[in-house]
Each structure stands twice: as C-alpha cells, then as structure tokens.
Amino acid sequence: MKDAIRENSYYDHFTLKRGNASTLLLEATHILEGEMYVGGQEHFYMETNAHLAVPKGEDGEVELFSSSQNPTLTQKLAAKALGIPENRIVVRVKRLGGGFGGKETRSTILALPVCVAALALNQPVRIMLDRHEDMMMTGGRHPFYCKWKVGFSEEGVLTALKADLYSNAGISQDVSLQVMQRALFALDNSYKCDNIYIEGHVCKTNLPSNTAFRGFGNPQSMLVVEDIMSRIAAYLQLDPCVVRRRNLYKTGDKSFLGQIIDRCTLPQCWHEVIEQSEYHARKLAVLRFNKENKYIKRGLSVVPLKFGIGFVALHRNQAGALVHVYTDGSVLLSHGGVEMGQGLHTKMIQVAARVLKISAEKIFIGETSSDKVPNTSPTAASVSSDLNGMAVKNACEAIYHRLEPFIAKNPKGSWEDWVKAAYFDRISLSATGFYKTPDITSFDFVKQTGNHFNYFTFGAAVSEVEIDCLTGDHSILRTDIVMDVGESLNPAIDIGQIEGAFMQGVGLCTLEELRYSPDGELLTRGPGAYKIP
C-alpha cells in the first residue's frame, strides 16, 4: 500500500464528513495522532473452490454444480463468457464447506473456464483446487492502513476525528469499493463523534485481488478506532473502560452517516458483560499479578460492537422463495440463500414450520438453484436470515391463506386432510415469496445523506490474556461476550456463530499472517506455513 500511495495508484476514493472536524481539532483540549496497519487474512474454508459443469442438450445449455455463495453472479458471468442467455444456465449449490465471503465473487474465476471447456468438449468438466492453489489465487481479507488525528476533552470524550484509510485491493476492483465504503461507515464502531472527516482510498496493487471476508471492512475499522480509544485512555491515564463508556452511543443519537440509532442496547450489553465477567474485581487482580511477576504479564480489556445490517448496494437487499406442498403433506422449500455451515437452511425450515403450523420434519430443502429462485443476492452481509426468512414467510402465508377455508370446514382434520381437500378443489399448493428491506436508501457521498442500514446489532466483550514478555507466547484466559441479536431464530446456531466469529477474529489479531516474496508470490501457502487457531 505504501508503494500505491507513492505512485498514486488508486481505483477510487470516498469522503465521509460530518460537522467541522478541522476547526474542532484546532480547538480541542487534547490532540493525538497515530497510524495503524491491519494485515490481511486467508478465508481457509474447509472445502476449497470446486465446480462441475455439465453440458445439456443441443441448445447450449449448461448445468453447473458450484461451490459459490453467489449463484446468480456465477450464472450471469458464465452466460457472458459463453455468449448465451442466462436462461440456458442452471447453477446448483447443495451446500458449501465454509465460505466466509471467499466464495462470493472469486469462485467465478474457476467456474467460467470449466463452463467454456464443458461446452467446447461437450462433456462434463470438473475442477477442485488444492489448498495451496486456492490460497494463491483467490485473495482474502483486505489489508488496511490508517493515519488518524483525534481531538478529545479532559474526560476523554471525542470532539473531532480526521482519518485517511487505505485498503489493498489487488489487481482488480472485485468488491473492494464496497468494502471501503463499509469500512468508512464503521470507523465510529460504537462511539459518538459529531465532527469527522474521513477519506478512504482503494489501492491498486500487483497482488491477487482481495475480496469479501466476514465483517466486510468493519473489523479493520473497528481495530483502528479501538486503538485510538486505548491511546486516549493511556494519554489521560484513565481506565480504558471508563473512556469507552463515556463515548458510547445511546438511543436517539445520530451515527457517522446521520442515521438515527433506534433501540440502542449498547449500554445494556456493556453493563451486562461488565457484571457477568466481574470486570472490576478481575482488573484489581490483574494489576496485582503484574506487580508480582516480572516476565509474565496479564491484560484485561472490554470492547463494544455496533454492526449495521444491510448490503452496501441497495438493490441487493431483496430475496425470493418458492414453496411447493405435495398431496402427501410434504413440503419442498427453495430460497435464495446458500447453506455453508451457518445454519441458514435450518432457520428457513423453522420459519416455514411456524407459518404453516406443521412440524419441521415435513419440510425439505434440496438445494439453492437458479431455476427455482432467480436473481438472488449473495449469501453474505449477515442479512440472509432476514431477507430469505421474510420471503419464505411471505410464500408460506400465501399457501396457508388458501388452506384456511378447508381448515374452517374441518377443524379437527390433519394437515394432510386439508392439503388433499385443497388439491381436489383445484387450489394451488405452490407459491412464490418475495421481500425487500423497507425504509432504506443508499448513502449518497455527494449529499452525505442516506438511511443505509435497516437496524444495528450491538454487543460487548471482556477478554483476559497472559503474555510471556520474553517469547511473545500468549494465551487467552477467559472471554465473556454479550450480543444482542434481537429475538433469536435459533439460539444454538447463533451462539455457535458468535463463538466461531470470535475464534476467526483471534486468528486475525494474533496468529494469521500472509507473507509475500519481493516478487509478490505468496509464501504462506497451506496449513504448514499459515496458522489458524
């Protein structure tokens, strides 16, 4: 990135401003400046990229079995490569062995060649990458570099912030512009600051194109702002917990984007994790331990989280579903989301079962397929349960509404009785569902306005670590996390997702490191050279 900055090598840049940061910085009681570099990260999904293209018939049709989070984009680009309409290509995704954003766009660099080969040879063509090939080709989390200047009061309350964010996009834009936009939107994390001026620069470099990765720019920005808060606390010789608490958002505040934050449960999450973790008592114990030990030291921290729910691209905030009820009472459910171990299909079956008032055992999801639900959004951005769930709900409500007259006629009958009665009365037992997120608008960087997120999720965590100051060897002694996910569709799945995300974050911050040769060749290929927790 330093080379790109020197050579002025950028794809694009964005500016986010609110209030008057320059004037307030001059008037600030205290000013600090700094910089931070956040390295990249490999997705390291268990299943590497794999695709099977099968030519069908004499009309140039292709059936593609793909490990993609984004069947519609794969279909669209394959059609473009083959010079045929999209209706000739069916993309099927049974499930993925993990994705984390790495199969949202980059899977197409493999799907397209096998489609071309299959059609040219008129026989099935399959590809599956070895781990070292996958790591070399498909990119990962964007490395970020940030230079910042912050103004604050004697109490540690933020008054102004100026920052320049740089991301390493690699050799193509991919989704790097959207990643930078999300990073800009997240540079406040959970802290109110009315005067900001932030510029985001997307660097063009000669490395494999970086892409979407769980958090999509947010973790990098949050690391930067948490570093700023820690430095303010150290400068003022205050407890970092106190400084963070004084700056937290509350209900009714406006975010960086000028969006009013409704139902802000940040203070509740903060208070609960402090109590649950016995933070104050353990803080004294940590101080005591550090006085008594010369080479082994402990640290205790508490950090908050605010995460906006919604795609950066407004048009992606939509979803479809298709529900068939068969005469034996079994239900076939299709929706636009891809199952990759995050439990999405389980949640969609729960939604359908709740609306149709039947047991989950009667419902089956076969696959995600472009000929069942067209024009789908990628399964990403932590919105798939919201979008697809509402589309499933919409379709199931349509079917249940058609069955209501038969339920009224035979209230003691079974689900199968009502379904058969509707069939013999020539009532459709199939329905499509659709949903688009209401009351949101794209952020306009010219007007600096937009109601970009449908809502925010909040959380807080306390972690205690121990470090050997001679070797750098470290261990996490304990972590407490409190997350507000609303009314959870499935607490077991959501707890698993939070725990998994935490471990992936541990890898990003403490263990995982991508190393390149001077020629840009990735040296840390495979689990022998690249370590995940």
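The values are calculated or read from the model by the stated rules, or taken from the named source; none is laboratory data. Please read these numbers as outputs of a predicted model, since none were measured by experiment. For neighbour counting, all protein chains shown are included, and Cβ atoms are generated from backbone atoms with ideal geometry for every residue, glycine included. Accessible surface is based on the protein model in full, side chains and every heavy atom, while ligands, DNA and RNA are left aside. Shrake-Rupley method; radii C 1.70, N 1.55, O 1.52, S 1.80 Å.
Data overview
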{"quantity": "Area of Trp418 that stays accessible when all protein chains are in place (1.4 Å probe, Å², to 10)", "calculated": "40"}
{"quantity": "Degrees between helix 415-424 axis and first principal axis of the chain (Cα, 0 to 90, nearest 10)", "calculated": "50"}
{"quantity": "Sites excluded, GluC sites (Glu not before Pro) in DSSP loops with at most 11 other C-beta within 10 Å, longest stretch of the chain", "calculated": "155-486"}
{"quantity": "Rounded to 5, the percent of DSSP beta bridges in segment 1-129 classed as antiparallel", "calculated": "70"}
{"quantity": "Accessible heavy-atom area order of Ser22, Ser209, Ser9, highest first, probe of 1.4 Å", "calculated": "Ser22, Ser9, Ser209"}
{"quantity": "Qualifying trypsin sites (Lys or Arg not before Pro) in segment 428-533, DSSP loop, other Cβ atoms within 10 Å at most 14", "calculated": "Lys447, Arg515, Lys531"}
{"quantity": "Cα gyration tensor shape of segment 238-348, rounded if a/c is under 1.5, else prolate or oblate by comparing a/b with b/c", "calculated": "prolate"}
{"quantity": "Accessible surface, per residue, of segment 429-533 when the full set of protein chains is kept, probe 1.4 Å, Å²", "calculated": "57"}
{"quantity": "Counted charge near Glu367, where neighbours are those whose Cβ lies closer than 15 Å (Asp, Glu -1; Lys, Arg +1)", "calculated": "+1"}
{"quantity": "Nearest-ten-degree value, helix 71-82 long axis tilted from longest Cα axis of the chain", "calculated": "70"}
{"quantity": "Alpha carbon centroid spacing (whole Å) that separates segment 167-226 from segment 47-63", "calculated": "35"}
{"quantity": "Reach of Lys254 by Cα under 12 Å, taken over aspartates and glutamates that are not fewer than 8 positions away in the same chain", "calculated": "Asp188, Asp194, Asp262"}
{"quantity": "Assigned charges on the beta-carbon of Lys, Arg, Asp, Glu; segment 390-533 dipole about Cα centre (debye)", "calculated": "960"}
{"quantity": "Positive-end extreme of charge dipole, segment 173-328 - chosen from Leu187, Leu300, Asn317 (charges on Cβ)", "calculated": "Leu300"}
{"quantity": "For Lys56, distant residues with modelled amide H under 5 Å away", "calculated": "Glu61, Val62, Glu63"}
{"quantity": "Ala50 long-range amide H proximity, modeled H, under 5 Å", "calculated": "Ser67"}
{"quantity": "For the chain, with +1 on Lys and Arg beta carbons and -1 on Asp and Glu, the positive-most of Val38, Val338, Ala408 along the dipole", "calculated": "Ala408"}
{"quantity": "Angle between the chain longest axis and helix 266-276 axis [Cα atoms, degrees, rounded to 10]", "calculated": "80"}
{"quantity": "Lysine pairs meeting the criterion (Cα under 21 Å, 8 or more apart or interchain), as found in segment 1-115", "calculated": "7"}
{"quantity": "Nearest-0.05 FRET efficiency for Thr23 and Arg515, computed from C-beta distance (R0 60 Å)", "calculated": "0.90"}
{"quantity": "Carbon plus sulfur fraction of accessible area for the chain, probe 1.4 Å, in percent", "calculated": "53"}
{"quantity": "Debye, to nearest 20: dipole size of the chain, +1 on Lys, Arg Cβ, -1 on Asp, Glu Cβ", "calculated": "500"}
{"quantity": "Surface accessible to a 1.4 Å probe, per residue, for the residues of segment 57-98, Å²", "calculated": "44"}
{"quantity": "Neighbour net charge for Ser488 - beta-carbon separation under 15 angstrom, K R +1, D E -1", "calculated": "-3"}
{"quantity": "Antiparallel DSSP beta bridges within the chain, percent to nearest 5", "calculated": "85"}
{"quantity": "Contact order relative to length of the chain, as percent, for alpha carbon pairs under 8 angstrom and 6 or more apart", "calculated": "17"}
{"quantity": "Most to least accessible of Lys412, Lys283 (protein chains only, probe 1.4 Å)", "calculated": "Lys412, Lys283"}
{"quantity": "Heavy atoms of His271 accessible to a 1.4 Å probe, total area in Å² rounded to 10", "calculated": "110"}
{"quantity": "Probe 1.4 Å, accessible area per residue of segment 293-373, Å²", "calculated": "39"}
{"quantity": "The chain, helix-only ellipticity at 222 nm - DSSP H runs n ≥ 4, -39,500 (n - 2.57), divided by all residues, nearest 500", "calculated": "-10500 deg cm²/dmol"}
{"quantity": "Gyration tensor verdict on segment 427-471 (Cα atoms; rounded if a/c is under 1.5, prolate if a/b is larger than b/c, oblate otherwise)", "calculated": "oblate"}
{"quantity": "Charged-residue dipole, Cβ positions (Lys, Arg, Asp, Glu), segment 7-126 about Cα centre, Debye nearest 20", "calculated": "520"}
{"quantity": "Exposure of Tyr145 as accessible area (Å², to 10), given a probe of 1.4 Å and all protein chains", "calculated": "20"}
{"quantity": "Gyration tensor (alpha-carbon) shape descriptor, the chain, a/c threshold 1.5", "calculated": "prolate"}
{"quantity": "Net charge, Val242 excluded, C-beta distance under 14 Å - Lys, Arg +1, Asp, Glu -1", "calculated": "+1"}
{"quantity": "Positive-pole candidate from Val383, Asn122, Ala398, dipole of the chain, charges at beta carbon", "calculated": "Ala398"}
